[in-house]
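For reference, the structure discussed in these notes is given below.
The values are calculated or read from the model by the stated rules, or taken from the named source; none is laboratory data. Please read these numbers as outputs of a predicted model, since none were measured by experiment. Just so you know, the surface numbers come from the protein's heavy atoms only, side chains and all, with ligands and any DNA or RNA stripped out. Shrake-Rupley method; radii C 1.70, N 1.55, O 1.52, S 1.80 Å.
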Amino acid sequence: VQLQASGGGLVQAGGSLRLSCAASGRTFSMYIMGWFRQAPGKEREFVAAINWRGDSTAYADSGKGRFTISRDNAVNTVYLQMNTLKSEDTAVYYCAAGSSRYIRTTNDWYDYWGQGTQVTVSS
């Protein structure tokens, strides 16, 4: 599976961004999908994940109520809608695909990773 993340950019605090991750290769619908992020000097952390059907999701506490993960298996794409952005959301955001049957929130469950897209929130 090859993953291509896009949609990052510079936004003011309180603004919104929608990240997309297009997948190619093996059957996209077979994989759980996740978003992770890594800020400078920090470890990569979980943001959100969605199961293969798209009817079950999980979020890190930092994004609950502000972020929404979704997927469209017809176009092999997963999305992360981010609202009410804060300066602490500034990071490189990575999408990832994993073959687990259940949603996973740790990066060791994910087999394939995109190249990352930079999100910068100015205060």
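Please indicate, with yes or no, whether at least one residue in the stretch 113-123 is open to solvent by 60 Å² or more (accessible area, probe 1.4 Å), part of a loop (DSSP other than H, G, I, E, B) and farther than 26 Å from GLY15 by Cα. Quick ask: steps written out before the conclusion?
The first filter runs over the stretch 113-123 and keeps only residues open to solvent by 60 Å² or more (accessible area, probe 1.4 Å), leaving 113, 115, 118, 123.
Checking which are part of a loop (DSSP other than H, G, I, E, B) leaves us with 115, 123.
Narrowing the set further to residues that are farther than 26 Å from GLY15 by Cα leaves none.
Looking for residues that are open to solvent by 60 Å² or more (accessible area, probe 1.4 Å), part of a loop (DSSP other than H, G, I, E, B) and farther than 26 Å from GLY15 by Cα, one finds none in the stretch 113-123, hence no.
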Across the stretch 60-73, what is the number of residues that are open to solvent by 60 Å² or more (accessible area, probe 1.4 Å) and among the basic types (Lys, Arg)? 1
Can you tell me which residue is most open to solvent (accessible area, probe 1.4 Å) among those in the stretch 74-102 that are part of a loop (DSSP other than H, G, I, E, B) and among the hydroxyl-bearing types (Ser, Thr, Tyr)? TYR102
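Any chance you could count how many residues in the stretch 26-73 are part of a loop (DSSP other than H, G, I, E, B) and among the polar types (S, T, N, Q)? Reasoning before the result, please.
Filtering the stretch 26-73 for residues part of a loop (DSSP other than H, G, I, E, B) gives 26-27, 31, 39-44, 51-56, 60-66, 73.
With among the polar types (S, T, N, Q) added as a condition, the list becomes 27, 51, 56, 62, 73.
The qualifying residues number 5.
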Could you please find all residues in the stretch 58-76 being at pLDDT below 95 and polar (S, T, N, Q)? ASN73, ASN76
